[in-house]
Amino acid sequence: ISDAKRLAAYAAVDEHVKPQHKVIGIGSGSTVPYVVERLCQPPHNNSNSDRWYIPTGFQSKELIVKAGLNLGDVDQFPTIDVTIDGADEVDDELNAIKGGGACQLREKVLAEAATHFIIVADSRKDSKILGHAWKQGVPIEVAPFAWAKVFVNLQKMGCENPALRMGKMKAGPVVTDNGNFVIDAVFSESYMRDPAELLHRIKMLTGVLEVGLFVGMAEAAYFGYPDGTVLARW
Ligand code: DER
């Protein structure tokens with residue numbers, strides 16, 4: 001799987017990061033380390049001295065810092081040339097479920113700020129309809145104060161078993177880089193067939209800060225396969 005992730009990441013960087021691109025958004029998860037790895041190799045590394053890298057959270061920031069790359073902030077660079085990020089699942093229209101790593105708020109800010117938003121993943125994420133491959137539900141970042149209210153409203157919407165995401169080796173819920181909670185909400189296929197409508201309905205719930213549905217945002221997606229091939233969709 002790691003080889004498949006590396007293949008997807010390398011292909012996406014080689015195809016979409018040009019020498020003239022000076023502001024690069026780096027996503028979160030287990031695939032994006034290979035994006036940074038490729039950007040530190042020739043010929044891409046020749047452009048790094050005057051290039052800025054914008055993180056989507058703590059893990060992403062550490063990747064940039066440890067690679068010795070220029071760390072920027074979205075405050076300095078509200079417009080980004082290319083953002084490359086992973087995903088939990090991608091449908092046949094390049095809509096994605098993101099937030100498996102609880103970073104979807106900053107990820108969506110950088111995806112929206114980018115002229116080019118590119119997804120990289122292994123083949124397990126390549127799907128037709130969201131929810132067919134990723135069974136953990138739509139990750140929803142919520143204000144801690146409002147989580148129970150959002151929970152009830154998600155049930156009223158038809159989500160059978162919303163779940164407050166709990167920490168591992170940490171008592172209590174996962175706390176995001178922004179100090180919020182995450183509710184994972186599984187919806188039936190009838191909802192997932194219209195991710196734009198579902199995104200809107202969830203986002204309108206008071207207390208919801210961001211929803212891990214990236215609809216109509218990705219320009220292209222690269223999927224690495226165990227047989228050594230890469231599938232690019234756009
Ligand atoms: O949270 C996210 O959306 C991350 O990008 C992540 O879930 C991507 O998954 P990966 O670890 O398979 O790259």
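Residues in the stretch 64-80 that are within 17 Å of the chain's Cα centre (by Cα) and open to solvent by 10 Å² or more (accessible area, probe 1.4 Å): 1 in all. The residue of the stretch 90-103 that is farthest from Gly224 (Cα to Cα), among those that are more than 9 Å from the ligand (Cβ to nearest atom) and touching a helix residue (DSSP H, G or I) at 6+ places or on another chain (Cβ under 8 Å), is Asn95. From the residues in the stretch 104-117 that are buried (at least 22 other Cβ atoms within 10 Å of the Cβ) and assigned to a strand (DSSP E or B), which one is farthest from the ligand (Cβ to nearest atom)? Looking at the filtered set, the residue picked out is Ala114.
Output the residue which, of all residues in the stretch 141-193 that are within 20 Å of Gly131 (Cβ to Cβ) and of a type in the set (Ser, Thr, Tyr), is most open to solvent (accessible area, probe 1.4 Å). Checked the stretch 141-193; the qualifying residue most open to solvent (accessible area, probe 1.4 Å) is Ser190. Answer yes or no: is there a residue in the stretch 137-157 that is among the aromatic types (Phe, Trp, Tyr), farther than 17 Å from Leu199 by Cα and either in a loop (DSSP other than H, G, I, E, B) or touching a strand residue (DSSP E or B) at 6+ places or on another chain (Cβ under 9 Å) (or both). So far as the stretch 137-157 goes, yes, one or more of its residues are among the aromatic types (Phe, Trp, Tyr), farther than 17 Å from Leu199 by Cα and either in a loop (DSSP other than H, G, I, E, B) or touching a strand residue (DSSP E or B) at 6+ places or on another chain (Cβ under 9 Å) (or both). Could you check, for the stretch 133-144, whether at least one of its residues is among the charged types (D, E, K, R) and more than 14 Å from the ligand (Cβ to nearest atom)? No, the stretch 133-144 contains no residue that is among the charged types (D, E, K, R) and more than 14 Å from the ligand (Cβ to nearest atom).
Could you tell me which of the residues Leu205, Leu199, Leu209, Leu213 is of a type in the set (A, V, I, L, M, F, W, C), free of Cβ contacts under 8 Å to residues at least 24 places away in the same chain and surrounded by 15 or more Cβ atoms within 10 Å (Cβ to Cβ)? Every option except Leu199 fails the conditions.
The values are calculated or read from the model by the stated rules, or taken from the named source; none is laboratory data. Predicted model, so just to flag it, every value in this text is computed and none were measured. Note that we place each Cβ from the backbone using ideal geometry, even for glycine, and neighbour counts take in every protein chain shown. Surface areas here come from the heavy atoms of the whole protein model, side chains and all, with no ligands, DNA or RNA. Shrake-Rupley method; radii C 1.70, N 1.55, O 1.52, S 1.80 Å.
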